[in-house]
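Computed from the coordinates by the stated procedures, all read-outs in this text should not be read as laboratory data. Computed from a prediction, not measured in an experiment: that's the story for all the values here. Glycine gets a Cβ as well: all are built from the backbone with ideal geometry, and neighbour counts include every protein chain shown.
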Amino acid sequence: MTLAGFLNDPINFVAQWLTGLLTGWGFSNGLITVILYFIGILVLVVFAMLLDIGLVWVERKVVARFQDRLGPNRIGPFGLIQPIADIIKLVIKEDITPAGADKVVFNIAPVLAAMSVISLWAILPLSSKIFGVDLNVAVLYLVAAGALGTLSIIMGGWASNNKYALLGAFRMVANMVSYEIPMVVTLLIPVILADTMSVQGITQAQSGMWFAILSPLAFVIFFISAIAELGRSPFDLVEAESELTAGFNVEYSGMKFGWFYASELLHAFTFGGFMAVLFFGGYGGFFGLEKLSAFHWLTNPFIQAAVFIAKAMFGYWAIMWVKYSMPRIRIDHMLAFNWKFLVPLSLVVLVNTAILNKLLAGLPAWGYTLGMFLSNVIIGVVTIEILRAYGRKQRKSEQTLAQAMRN
Amino acid sequence: MTADKIIFLLIGVLILVSALMVVTTRKLIHAALWLVAALFGVAVLYAILQAGFLAVVQVVVYIGAIAILFIFAVMLTRRDMRDQGPQTRSNWWIAALLGLLILAGLVFLIINQPDVERTAAVIPAGVDTLRNLGTALVSPDAYVLPFEVASVLLLAALVGAVYIAGFGKKS
Amino acid sequence: MSIPLSWYLILAAALFCIGLYGVLSRKNAIAILLGVELMLNAVNVNLVAFWRYLDPAQMAGQVFAVIVFAVAAAEVAVGLALVISVYRRRKTVVADEVDLMKW
Amino acid sequence: MQNEWLYIGLFLVVGIIVPVVPLAFAALISPKKPNPIKQATYECGIETVGDSWVQFKAQYYVFALVFLVFDVETVFLFPWALSLKQLPLFVVLEGILFIGILVAGLVYTWRKGMLEWV
């Protein structure tokens with residue numbers, strides 16, 4: 001009986017048990033709420049941190065396989081203990097602060113970077129019962145946490161008293177703020193489709209059909225801009241080793257560098273999770289399969305959490321796949337690609353979604369899905385045709401120019 | 001003294017101290033960072049006031065965009081001054097006096113208003129303020145005109161700023 | 001929600017006056033704009049507090065707060081563009097030294 | 001509503017404590033032997049030339065500017081997106097007009113050549 005209760009709604013089960021216990025000890029109601037929240041948050045954050053340690057191993061192992069190497073394989077089975085060794089090394093390393101650095105800002109920056117990523121876990125819906133809080137402005141909260149991350153990078157770059165660091169920070173911030181626009185615009189599309197900003201609501205709205213199928217273009221734009229937000233290759237101008245040595249964190253050493261590194265990995269995973277939530281049905285999205293009695297176990301919170309983690313891992317892996325197969329893009333190309341291509345395209349997709357969502361609302365589900373999908377295909381084809389025509393024109397003008405030069 | 005009062009006082013002190021640092025600190029970049037702290041405090045106030053949307057937007061717009069713009073501007077106008085020497089005018093004390101006088105006047109006015117000690121009623125369970133805000137912004141009998149005018153204002157700001165900051169580049 | 005309305009109003013008034021002091025006393029034009037931001041925020045605190053304490057069903061306070069966001073953004077965009085433009089021509093960001101229009 | 005934000009606030013506090021603990025631990029046990037060469041600005045071994053806080057391309061400012069305007073636009077679009085379902089079709093058109101006006105700004109910036117990286 002109690003085990004079934006725990007398996008069906010773990011957080012409520014533990015909360016009720018603890019509430020009973022604490023009331024017995026004579027705590028007031030407000031204090032109990034705070035204590036319960038605090039314990040819940042601590043469990044969630046510790047879980048995120050353990051996952052982060054695992055991600056270090058995953059990242060190194062996967063990059064090794066992409067580059068035809070073995071990766072860490074000395075410490076523990078398959079090198080699994082390697083990240084622990086890394087952490088111990090980072091903690092006992094001498095922490096060098098460059099002379100002339102702005103000490104306070106220099107020390108705040110890595111903490112802020114880690115905080116901005118950890119705070120995302122407050123709204124991450126691991127399952128229908130296991131989640132931090134179901135905020136009604138969750139989608140905007142995601143953007144707000146990103147804003148704090150941007151700030152941490154500019155603080156770190158500025159406080160280091162290093163030209164490369166500052167230049168890296170500037171590039172990174174220009175990159176991040178630019179790509180934030182297509183990201184926010186494509187965030188609006190799940191909001192329109194689900195008619196809510198809460199991540200639980202968006203997940204439940206996708207129980208029948210993933211938004212990635214209703215609006216594949218929105219997903220592609222979100223994916224590209226998410227990679228840019230993360231500052232990962234091919235948008236990793238911030239750490240363009242050949243030009244900037246290491247970018248904004250060049251002067252950081254020891255655990256402070258460790259936090260920048262750890263928060264980058266966790267950020268990538270978290271964005272994989274949000275990709276799953278916004279476009280792939282999050283912990284659910286089985287196309288109605290869970291309603292059949294044979295598959296009812298899919299609604300168990302632990303199964304849902306496993307599904308969610310698997311989807312997030314897949315998103316994380318896709319981000320890594322792009323990272324280790326693409327060369328770095330030059331900054332002028334990158335900004336032009338954003339402002340001249342992604343932003344206009346994302347606005348077109350937004351307008352299309354807003355109008356069609358209204359016009360097709362009366363249709364049956366398959367008609368609605370088909371209409372949405374086809375409209376995206378049409379926009380995609382038209383975009384590619386425009387690009388091809390433009391490319392052809394450019395080639396022609398270059399050819400005539402070369403001809404004129406030869407004559 | 002209830003818990004929300006204590007939180008309010010802590011946040012109020014944070015806001016006022018940060019604001020004072022904004023107007024007094026010598027290094028401009030620190031002033032911009034203190035501004036971020038003050039603005040974050042205001043975002044927390046919005047959250048206490050149950051305006052969650054505004055709290056998040058405050059972080060997105062002010063910290064994510066306006067503060068970044070300030071930091072960029074500070075970096076772009078450095079070479080001279082170096083933030084050395086006095087950063088205030090010689091007659092700063094007049095400004096301080098004026099500020100204190102206005103503050104005294106405002107506080108006098110506020111505490112003499114009737115019903116100013118009122119506390120907030122609980123928002124009824126069925127009221128979704130976020131959705132109401134959306135409806136109010138776009139329905140024709142409410143605020144659709146300010147909504148559209150805001151976009152014209154932003155357009156004017158963008159065109160004007162780009163024109164001013166044209167930096168002599170002609171295409 | 002046991003906080004009296006007057007607390008918010010007094011906090012906003014203090015924030016406004018600090019911003020005013022910054023605007024009047026600072027030499028650097030960017031610092032003056034920082035002061036203006038504080039003043040705009042003080043106004044917003046008032047607007048939201050009145051929305052919450054008078055009638056939360058009436059969205060006027062929040063709508064105006066949103067409009068103030070737009071105004072603040074426009075002000076910063078144009079103001080800083082002016083400062084940078086002046087700096088590039090005259091190599092100064094001190095507001096007092098930008099005095100060509102005085103005569 | 002109140003409790004949601006209390007939770008977020010506590011989360012932010014924990015989010016600060018968790019990174020600070022290993023940093024404090026590292027500060028306690030890590031060796032501290034500073035010397036001028038170790039603390040010099042790292043530029044791949046070459047002696048630093050000039051001041052670090054150099055001035056930057058004004059181009060960065062233009063991108064931040066366009067970003068700011070579009071960022072504020074989204075603040076208006078989120079409430080709009082939430083009201084779409086209950087209100088008639090012309091509300092969609094209002095939003096499109098709003099977007100269109102701002103796209104005009106983007107087109108202007110583009111035509112002025114300010115989006116080129118020079």
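Key figures
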| quantity | calculated |
| --- | --- |
| Scattering curve values for segment A:1-75, log₁₀ I(q)/I(0), Debye with Cα scatterers, q = 0.11, 0.24 Å⁻¹ | -0.52, -1.07 |
| Normalised alpha carbon radius of gyration of segment A:124-266 [divisor 2.2 N^0.38 Å] | 1.19 |
| Convex hull volume per residue for chain A, taking Cα atoms only, in Å³ | 197 Å³ |
| Estimated FRET transfer efficiency (residue A:377, residue A:18; beta-carbon r; R0 56 Å; 0.05) | 0.60 |
| Ratio Rg/Rh [Cα only; Rh per Kirkwood] for segment A:37-158 | 1.03 |
| Cα-based convex hull, segment C:1-55, per residue volume (Å³, whole number) | 56 Å³ |
| The protein assembly as shown: Cα Rg divided by the 2.2 N^0.38 Å rule of thumb | 0.95 |
| Using alpha carbons only: equivalent-ellipsoid semi-axes of segment A:364-407, gyration tensor based, whole Å | 42, 4, 4 |
| For segment A:232-349, the fraction of alpha-carbon pairs in successive 10 Å shells from zero, as % | 12, 27, 31, 19, 9, 2 |
| Mean separation of Cα contacts under 8 Å, 6 or more apart, over the residue count of chain A: relative contact order % | 19 percent |
| Candidates per chymotrypsin sites (Phe, Trp or Tyr not before Pro) in segment A:1-37, loop by DSSP, up to 13 other Cβ within 10 Å | A:25 |
| Modelled FRET efficiency - R0 35 Å, residue B:27 with residue D:35, Cβ distances, 0.05 increments | 0.80 |
| With 10 Å bins from 0: P(r) over segment D:2-111, alpha-carbon pairs, percent | 10, 17, 17, 24, 18, 11, 3, 0 |
| Of the DSSP H helices in chain B, those whose Cα atoms cover at least 24 Å axially and whose Kyte score averages 1.0 or more | B:3-24, B:28-48, B:92-111, B:144-164 |
| Compactness of segment B:19-147 - radius of gyration and Dmax, Cα, Å | 20.1, 58 |
| Gap separating the Cα centres of segment A:321-341 and segment A:208-226, nearest whole Å | 19 Å |
| Spatial extent of segment C:5-92: Rg and Dmax, with the Cα atoms as the point set, Å | 15.6, 52 |
| With Cα atoms, 0 to 90° folded angle of helix C:60-90 axis to chain C main axis | 10 degrees |
